[in-house]
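Structure record follows, encoded as structure tokens.
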Amino acid sequence: MADLSIDFAGIKSPNPFWLASAPPTNTGYQVQRAFEAGWGGAVWKTLGEPVINTSARFAAVHFGGQRVAGFNNIELITDRPLEVNLKEIYETKRRFPDHTIIASLMVEPKREKWHEIVKRVEAIGVDGLELNFGCPHGMAERGMGAASGQQPDLVQAQTAWVKEVATTPVIVKLTPNITDITVVARHAVKGGADAISLINTINSLAGVDIHSWNTIPNVGGQGAHGGYCGPAVKPIALSMVAECARDREVGVPISGIGGISTWQDVVEFMLMGSTGIQVCTAVMHHGFRIVEEMIDGLNHYLDEKGLASVTELIGKSVPRYSNWGDLDLNYQVVARINEENCINCNKCHIACEDASHQCIDMLTNAEGKAILQVREEDCVGCNLCSIVCPADGAIDMIALEGGAAPMSWNQRSRIISGVNGSYSEAEVG
Amino acid sequence: MEQSSPLTTFTPELFMRNFAEAEPGLTRKGAIEESNRCLYCYDAPCIQACPTSINIPSFIKRIATDNLRGAAQTIMDANPVGASCARVCPTEELCEGACVLNGTSAPIEIGLLQRYATDWAIRSGLQLFQAGESNGKKVAVIGGGPAGLSAARELAREGFQVVIYEAKPLAGGLDTHGIVSFRLPQDISLWEVEQVERLGVEIRTGMKVGLDISIEELKAGYDAIVLAAGMGYVPPLGIEGEKLSGVYDAIELVETTKTGIPTLELMGQRVAVIGAGNTAIDAATCSVRLGAANVKMIYRRTRGEMTAYDFEYEFAKQEGVEFNWLTLPKRIVGDELGNVAALECVRMELSGEAGPDGRPSPVPVAGSEFLLPVDAVVVAIGQKRRMDLIEALGLKHKRGVVEIDPATGRTSDPQIYAAGDIVFGAGTGEAMVVSAAQQGKDAAYAIVKQWSGRQDGIVGSAV
């Protein structure tokens, strides 16, 4: 059995599975239940001036008959007094000394406010601090959360204020509601952040009720934007984690957050540079027990891969993530359909016909059986057919050997510029 | 279902319970889950396997996206008896059998989804289609079963004035009268009839062509005639004892259970059903649910040759029906009061030589006669042909099967088209409601083409 423990910016944790600062970490009762279930750490629901929450608060996006593809909330930070939270943090830490408890903090962007809360929280004993610069709703209107997280200089300044007094590692939680997340990440590091966590939720409106014409959710007939999370946001989160992981100016450990629901998601986030991960929506959907399957799956995966420690995954795929302009334009894959696995739903044909390059033919073979065949000379290797194919092993994307030597757009441009004297680096997306 | 109840009389409560639809419909959640499983194939094999070419992936996608009206319209547009077919189609041999998920996971429950959508339409009370603008042409349809209703509906949508002549007091044909209520409740079929009537089609019930209206009158009064009179009751076995009290016609037996509590008494009786087609199975399960103590099916061939669908056979076995293969009835034995007392049978064996229909011929085993003590005999050996009507219309036929041009349904009389069981030949499998519906549509399109001068009848194109 592989070693699942991690050291996250100096914070020891029995495993990489932390609960994100969110409704599941609202109370000592919940966090203790979570630790009993197997979670290695918890980021306590954000502490600050207690708020009044609305009813209703949550909504979800269901897709194709599956519930909670995405999740939306307009809940704010803790609605309980700081003393109550601190008492429960203390009790929880005493009961679970080896588990990780991080205090999420959010106060007005004032130096003395940050100093005050950091001192009070560290006094009762936490393993680290997470600065919530990400909450996209409610707190932003008060100049907190995403409002400060969207201003790199404010992130840097507030991080620096915290670092002036903090004795435990400081994690800055980033908002995705920004053009380039690495800018804010770099400023957090400049302010002294020991680590970053991302992503917070994405601005969202879960839906509109097509019968009542109300927003979803609605509070007495009125709605407001909320924060989006859950499986649907994973690709967005993963790309932002990857961008930070490969940015040399960031260079601090990353706690990956965003739609993580399975052990496979955990592996992906760690391969893409996360040292640990945080989960919320999966617990909202299934309860704390979901961690059992995540731990078990991760264990078997690590054993199968012959890895002694989960930390061996960290960042292994980051070097494989670069800019479009550096991709080999001469690399060529083509689709190949395996007749024995094909179930003749013809989805590849119509997808290629209507949305790609019209190179999958519906034919009849010598025995009179309907078959699908790729005209490889016209196939651009887009992957669409293999994406829509519902049958296991029916379509392979095959790399063609013996093409031209590798040549990226940037290499090509450099060569052309050698001829005509002009050149610009492409990061075409 | 109560079979060996201590009751000795067949109460209305027992009837209601035993003849209520046996298979539950899908719940909303079940329908959403199942519809979302559909791959939405392109050029889908299920459509090709449906004789009426219902755009199945389309109606299923409409269910998945909470558009039940659209789903019902897609179904009923292609198949005017789509609600009945949702229940009686041999789906595992048609759409579901063609589903690409066979062998991969499990085929989509197309029949149940079709029922879910059409049940919604029935409850909604909506009229799904509109009559076309009148073109001044008149068509008479003989027979208000699936083929006749389908022809009438498509003609009405194209602006024809249509009158259906129906011999029975209610239209719908076998869907209304001949399929057991626990598989197809009568109100489903009557809703389909009503949908056709709401297009302005007049249904004159209790009208036998040749008796209540003359052929001449019909031919003079209409521009075209669609003959969709189906088939008749069960022909005689040709053995001794058929007139005894306690000998029943399978179709009549089922029919008596469709319009209320039947007067015939099978409670506690030992019943022998002769035949092994779907009607024989219906008669057998019907007998069980009427309280028969024991029901045996008597068939001169084996399981391998029986024409009933597998799901019918399985259903019958679950109902407790026993099967006596390779058994030929020789004589029905009566008691002194003229009631059935026993069925004399002889054992058969397959000769190994194929008969005219390609199936191995059964031959009697000498000296193997035996007496089966029974209280009732139900005969289900096929249906009589409408020979008198066909002859009266002067149509070419082969032993009562009207000859038609398969593409148009046109008979030897250019004014008359034919569809449904009346053109259904022997040895071509089981007559299906869904095929009758398509033949009715085809006849209608041929008439549309004939009278509108159009090259293609386009009604009923996929939505």
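Does residue A:299 satisfy the criteria of being at pLDDT 95 or above and within 14 Å of another protein chain (Cβ to nearest Cβ)? It is false that residue A:299 is at pLDDT 95 or above and within 14 Å of another protein chain (Cβ to nearest Cβ).
Applying the condition of being out of contact with any Leu (no Cβ under 9 Å at 6 or more places or on another chain) and more than 13 Å from chain B (Cβ to nearest Cβ) to segment A:326-340 and asking which residue is nearest to residue B:57 (Cα to Cα) yields A:338. Across segment A:135-150, not a single residue is classified as crowded, with 19+ Cβ neighbours inside 10 Å and farther than 27 Å from residue A:74 by Cα. Of all residues in segment B:258-277, those that are farther than 16 Å from residue B:384 by Cβ and surrounded by 24 or more Cβ atoms within 10 Å (Cβ to Cβ) total 5.
Condition first: part of a helix (DSSP H, G or I) and either aromatic (Phe, Trp, Tyr) or more than 16 Å from residue B:21 (Cα to Cα) (or both). Now tell me which residues in segment B:256-280 satisfy that. Once the filter is applied, which keeps residues that are part of a helix (DSSP H, G or I) and either aromatic (Phe, Trp, Tyr) or more than 16 Å from residue B:21 (Cα to Cα) (or both), segment B:256-280 yields B:256, B:278, B:279, B:280.
Each residue in segment A:124-175 was checked for being part of a loop (DSSP other than H, G, I, E, B) and either of a type in the set (Ser, Thr, Tyr) or on the phi > 0 side of the Ramachandran plot (or both), and 7 of them qualify.
Per-residue answers, yes or no, for (1) surrounded by fewer than 21 Cβ atoms within 10 Å (Cβ to Cβ); (2) hydroxyl-bearing (Ser, Thr, Tyr); (3) farther than 30 Å from residue A:62 by Cα:
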site	(1), (2), (3)
B:56	no, no, no
B:66	yes, no, no
B:70	yes, no, no
B:80	no, no, yes
B:110	no, no, no
B:121	no, no, no
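Out of segment A:69-92, which residues are surrounded by fewer than 19 Cβ atoms within 10 Å (Cβ to Cβ) and either under 21 Å from the mean Cα position of the chain (by Cα) or basic (Lys, Arg) (or both)? Matches in segment A:69-92: A:69, A:80, A:87. The residue that is farthest from residue B:237 (Cα to Cα), counting only those in segment B:281-301 that are out of contact with any Gly (no Cβ under 9 Å at 6 or more places or on another chain) and assigned to a loop (DSSP other than H, G, I, E, B), is B:290.
Among the residues of segment A:193-230, the one identified as among the acidic types (Asp, Glu) and touching a residue at least 24 places away in the same chain (Cβ under 8 Å) is A:194.
For residue A:404, the test of being farther than 30 Å from residue B:37 by Cβ and modelled with pLDDT under 95 is passed. Residue B:152 meets the conditions (1) in a helix (DSSP H, G or I); (2) among the small types (Gly, Ala, Ser); (3) within 19 Å of residue B:63 (Cβ to Cβ) in every case but one. The failed one is (3). Within the option set B:142, B:164, B:122, being modelled with pLDDT of 95 or more and closer than 21 Å to residue B:21 by Cβ holds for one residue only, B:122. Filter segment A:341-371 down to the residues that are within 12 Å of chain B (Cβ to nearest Cβ) and farther than 17 Å from residue B:43 by Cα and list them by number. Within segment A:341-371, just A:341 meets the criteria. Among the numbered conditions (1) more than 19 Å from residue B:43 (Cα to Cα); (2) within 14 Å of chain B (Cβ to nearest Cβ), tell me where residue A:378 comes up short. The single condition residue A:378 does not satisfy is (2).
Could you identify the single residue in B:83, B:72 that is more than 14 Å from chain A (Cβ to nearest Cβ), free of Cβ contacts under 8 Å to residues at least 60 places away in the same chain and part of a helix (DSSP H, G or I)?
Numbers: B:83 fails: free of Cβ contacts under 8 Å to residues at least 60 places away in the same chain.
One residue alone meets the criteria, B:72.
Take residue A:57 and tell me if it is in contact (Cβ under 8 Å) with a residue 60 or more places away in the chain, within 21 Å of residue A:141 (Cα to Cα), surrounded by fewer than 24 Cβ atoms within 10 Å (Cβ to Cβ) and among the charged types (D, E, K, R). The answer is yes for residue A:57.
Which residues, counting only those in segment B:231-245, are charged (D, E, K, R) and in contact with a strand residue (DSSP E or B) (Cβ under 8 Å, 6 or more places away or on another chain)? Of everything in segment B:231-245, those that are charged (D, E, K, R) and in contact with a strand residue (DSSP E or B) (Cβ under 8 Å, 6 or more places away or on another chain) turn out to be B:240, B:242.
Restricting attention to segment A:306-331, the residues that are of a type in the set (S, T, N, Q) and out of contact with any strand residue (DSSP E or B) (no Cβ under 7 Å at 6 or more places or on another chain) total 4.
In a residue-by-residue description of segment B:49-69, the property of being assigned to a loop (DSSP other than H, G, I, E, B), under 27 Å from the mean Cα position of the chain (by Cα) and within 11 Å of chain A (Cβ to nearest Cβ) applies to no position.
Please go through segment B:13-30 and pick out each residue that is part of a helix (DSSP H, G or I) and either more than 10 Å from chain A (Cβ to nearest Cβ) or in contact with a strand residue (DSSP E or B) (Cβ under 7 Å, 6 or more places away or on another chain) (or both).
Let us first name the residues in segment B:13-30 that are part of a helix (DSSP H, G or I), namely B:13-19, B:28-30.
Answer for segment B:13-30, where residues must be part of a helix (DSSP H, G or I) and either more than 10 Å from chain A (Cβ to nearest Cβ) or in contact with a strand residue (DSSP E or B) (Cβ under 7 Å, 6 or more places away or on another chain) (or both): B:13, B:14, B:15, B:16, B:17, B:18, B:19, B:28, B:30.
Residue A:334 meets all of the listed conditions (1) surrounded by 13 or more Cβ atoms within 10 Å (Cβ to Cβ); (2) assigned to a loop (DSSP other than H, G, I, E, B) but one, namely (2).
If I go through segment B:200-231 residue by residue, how many of them are surrounded by fewer than 20 Cβ atoms within 10 Å (Cβ to Cβ) and among the aliphatic types (A, V, I, L, M)? The number of residues fulfilling the criteria is 6. Every condition in (1) away from chain B (no Cβ under 14 Å); (2) at pLDDT 95 or above; (3) not in a helix (DSSP H, G or I) is met by residue A:386 except one, and the failing one is (3). Among the residues of segment B:414-430, those identified as surrounded by fewer than 20 Cβ atoms within 10 Å (Cβ to Cβ) and free of Cβ contacts under 8 Å to residues at least 24 places away in the same chain are B:414, B:428. When restricted to residues that are part of a loop (DSSP other than H, G, I, E, B) and free of Cβ contacts under 8 Å to residues at least 24 places away in the same chain, segment B:106-132 contains 3.
When the criteria are applied in full, residue B:238 meets the requirement of being assigned to a loop (DSSP other than H, G, I, E, B), without any contact (Cβ under 8 Å) to a residue 60 or more places away in the chain and surrounded by fewer than 23 Cβ atoms within 10 Å (Cβ to Cβ).
Residue B:91 - would you say it is away from chain A (no Cβ under 14 Å) and under 23 Å from residue B:178 (Cβ atoms)? So residue B:91 passes the test.
Among the residues in segment B:128-138, are any surrounded by 24 or more Cβ atoms within 10 Å (Cβ to Cβ), modelled with pLDDT of 95 or more and under 28 Å from residue B:232 (Cα atoms)?
Going residue by residue through segment B:128-138, those that are surrounded by 24 or more Cβ atoms within 10 Å (Cβ to Cβ) are none.
No, the conditions are met nowhere in segment B:128-138.
The values are calculated or read from the model by the stated rules, or taken from the named source; none is laboratory data. These numbers were taken from a predicted model, which means no experiment stands behind them. All Cβ positions, glycine included, derive from the backbone under ideal geometry; neighbour counts span all protein chains shown.
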